[in-house]
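The values are calculated or read from the model by the stated rules, or taken from the named source; none is laboratory data. This is a predicted model, so every value here is computed, not measured. All Cβ positions, even for glycine, are placed from backbone atoms using ideal geometry, and neighbour counts span all protein chains on display. Remember, those area values only see protein heavy atoms, side chains included, never the ligands or the DNA or RNA. Shrake-Rupley method; radii C 1.70, N 1.55, O 1.52, S 1.80 Å.
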Amino acid sequence: MSYRTWEPVTRLLKAKIILATTSQLSTAEALGIRIDRSLPKTVAAAVIEDHLKPLIRDTHPPKATGRQIQFLKELEHSGELEDISASVASAWIEHHLDALNLQALFDMRLKAGDTVALISDVIDLTTGEIRPDPRIRKISSIDRRGRVHFRGGGGQGAWPSQLVVVNDNQID
């Protein structure tokens with residue numbers, strides 16, 4: 001489902017980044033897993049699933065990749081990264097990105113018809129030079145995950161944390 005304004009999407013994202021639920025905490029306790037109440041619910045779910053994987057699948061969860069660890073560092077993750085599983089790393093990455101996008105939606109209050117630019121660089125194929133992406137885009141909608149879709153179709157879109165609002169007087 002898509003929306004024309006930021007408000008309903010922020011409610012959905014807020015619900016997604018809440019802390020571990022009471023049922024997750026009681027399930028973890030019943031399984032003998034120690035889960036901190038301050039863990040996001042998506043991370044708590046990954047921890048519980050990792051604990052159950054050897055019991056159900058007779059295999060251990062894979063360790064986080066170097067790329068996941070590096071990305072968590074770039075996201076300024078403050079938790080322990082040593083011996084973290086790939087699924088827990090993915091859950092943390094998802095949580096951090098959702099929080100960044102939620103904040104960006106609150107800050108910019110995006111809606112259909114707004115003019116935005118990507119905060120990114122592109123390579124000029126004629127010179128090989130790296131330059132800021134000059135394209136200006138109009139928002140058509142924002143989906144339930146927070147992804148902003150642009151007019152013109154073709155699946156064009158970006159995450160709110162990758163955008164900056166462009167005022168009409170900034171357009172050439």
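Just for region 103-132: of the residues that are of a type in the set (Gly, Ala, Ser) and crowded, with 19+ Cβ neighbours inside 10 Å, which one is nearest to GLY66 (Cα to Cα)? Quick ask: steps written out before the conclusion?
The initial filter retains those residues of region 103-132 that are of a type in the set (Gly, Ala, Ser), namely 104, 112-113, 117, 120, 128.
Add one more test, that the residue is crowded, with 19+ Cβ neighbours inside 10 Å, and what stays is 104, 117.
Working: ALA104: 28, ALA117: 31 Å.
Restricting to residues being of a type in the set (Gly, Ala, Ser) and crowded, with 19+ Cβ neighbours inside 10 Å, the top hit is ALA104.
Mind listing whichever residues of region 1-48 are part of a loop (DSSP other than H, G, I, E, B) and surrounded by fewer than 11 Cβ atoms within 10 Å (Cβ to Cβ)?
Answer for region 1-48, where residues must be part of a loop (DSSP other than H, G, I, E, B) and surrounded by fewer than 11 Cβ atoms within 10 Å (Cβ to Cβ): MET1, ILE18, GLY32, ARG34, ARG37, SER38.
Being of a type in the set (D, E, K, R), in a helix (DSSP H, G or I) and more than 24 Å from ALA30 (Cβ to Cβ) is the filter here; which residues of region 49-95 pass it?
ARG67, LYS73, GLU74, GLU94
Listed residues SER85, SER78; which is among the polar types (S, T, N, Q), open to solvent by 60 Å² or more (accessible area, probe 1.4 Å) and farther than 20 Å from ARG145 by Cβ?
Result of the check over SER85, SER78: SER78.
Condition first: at pLDDT 95 or above and either in a loop (DSSP other than H, G, I, E, B) or among the basic types (Lys, Arg) (or both). Now tell me which residues in region 130-150 satisfy that.
LYS138, ARG144, ARG145, GLY146, ARG147
In this structure, does LEU100 turn out to be open to solvent by less than 80 Å² (accessible area, probe 1.4 Å), touching a helix residue (DSSP H, G or I) at 6+ places or on another chain (Cβ under 6 Å) and of a type outside the set (Gly, Ala, Ser)? If you could, list the steps in order and put the result at the bottom.
On the way: open to solvent by less than 80 Å² (accessible area, probe 1.4 Å): no; touching a helix residue (DSSP H, G or I) at 6+ places or on another chain (Cβ under 6 Å): yes; of a type outside the set (Gly, Ala, Ser): yes.
When the stated conditions are applied, LEU100 does not pass them.
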